[in-house]
1. If we sort 71-78, 122-129, 304-311 on the protection proxy, mean other Cβ atoms within 10 Å, highest first, what's the order?
2. Give the aspartates and glutamates reachable from Lys28 as a straight Cα distance under 16 Å; neighbours fewer than 8 places away on the same chain don't count.
3. For Thr227, enumerate residues with amide H under 5 Å from its amide H, sequence gap 5+ or separate chain, H modeled in the peptide plane.
4. Where does each of 23-32, 190-199, 146-155 land if you order them by average Cβ count within 10 Å, highest first?
5. Principal axis extents for the chain, Cα atoms only, whole Å, descending order, please.
6. From the C-alpha gyration tensor of the stretch 240-324, pull out the three semi-axes of the equivalent ellipsoid (sqrt of 5λ each), sorted largest to smallest, in whole Å.
7. Under the definition of Cα pairs under 8 Å and six or more residues apart, what whole-number percent is the relative contact order of the stretch 24-321?
8. Counting only residues 5 or more places away or on other chains, whose amide H sits under 5 Å from the amide H of Met141 once H atoms are built in the peptide plane?
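What follows is calculated from the coordinates using simple rules that are stated; it is not laboratory data. This one's a predicted model, so the numbers in the text were calculated from it and none came from an experiment. Cβ: placed from backbone, ideal geometry, glycine included. Neighbour counts: every protein chain shown.
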Amino acid sequence: MKRLTAIVVALLLAVAFVVPAQAKVVLKLGHIAEPVHPYGKGAEKFAELVAQKSGGEIEVRVFPSSQLGGQKDLVEGLIYGTVDMALVGTAVLGQFQPQISLFDLPFLFKDRAHAFASLDSVGMDLGKPMEAKGIKLLGYMENGIRHMTNNVRPVKTPEDMKGLKIRVMNNKIYVEMMKALGASPTPMAFGELYSAMQQGTVDGQENPSAHIWTKRFFEVQKYASLTAHAYAPEPVLISMMAWGKLNAEQKAIVQQAATEAVAWQRELSAAQDQEYWDKIKATGQIEVIEVDREPFQKATKPVYAMFADVVGQDNIDKVEALKK
């Protein structure tokens, strides 16, 4: 019996040497949002689709809540190959590919349909130059439509913005947008924002409803104004080093999963936007104010002339032409 067992073990070992197991590909994906955020859920959906389409051959491990660093850290990680994948806003990505800052211009899009049409055409073209810098763009998820909050007074007109210290991302367009509205822009890392508002280091901030709810900014702000001053896409990125290690079939799987996850996440984000505002209002901790957006749009129009050379007037024209 022992002799028979030894023969079976020897045969199994021989087979193992003849047919080596397929090595699993593991991709680490980082982002700064909470897992419950719509693009946090989009990242999980992408991981699920990749596992499903690859039969488990490719695993995407998601690291939310800045576990792999802030957005600038993530972009640098992609370039140097220390991060495989990331979801990063165009406001930060624009530091590495200036033309992609096009999508940070105030009041650029008529509505979500216009945003999606622009991102899926002009936006994908603007992503191509990043490949030479070490980053491949797979598509654009959605962070959401950005609105103002503050602790000082109700903001109903641009005049009400005067002198308010508003936290912005480290992005020149956002800085100039706030200046055009009379506010004092204060660049600051996202992870520091809650305590900065709590301690009065800044008076307010601007973000989509998903961040205002999931990061609980309503706890440390008195007023929210529905300015809808900018739309925030969330590009899905992969390091060219990680991309280069994939074979043709694996690349097709990752790209297809990204395309499907983007479509799924956009629907989820749009549906949850109103739900988040309902939840924020229901807390009773923050006053939500409807505003006439036209004066805000007019006040920020000069920002276009400032950055036309940076983002390309031709790209602004292409987005304008897609309005329906």
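1. Working: 71-78: 21.2, 122-129: 18.1, 304-311: 15.0.
Final packing ranking: 71-78, 122-129, 304-311.
2. Within the straight-line limit of under 16 Å, Lys28 reaches these aspartates and glutamates: Glu44, Glu48, Glu57, Glu59, Asp73, Glu76, Asp84.
3. Excluding prolines and chain starts, which carry no amide H, the hits are Met148.
4. 146-155, 23-32, 190-199
5. Taking max minus min along each principal axis of the Cα atoms, the chain gives 90, 45, 33 Å.
6. Semi-axis lengths for the stretch 240-324 are 35, 27, 12 Å.
7. Dividing the mean separation by the residue count of the stretch 24-321 yields 26 percent.
8. Counting only residues 5 or more places away or on other chains, the set is Glu234, Val236.
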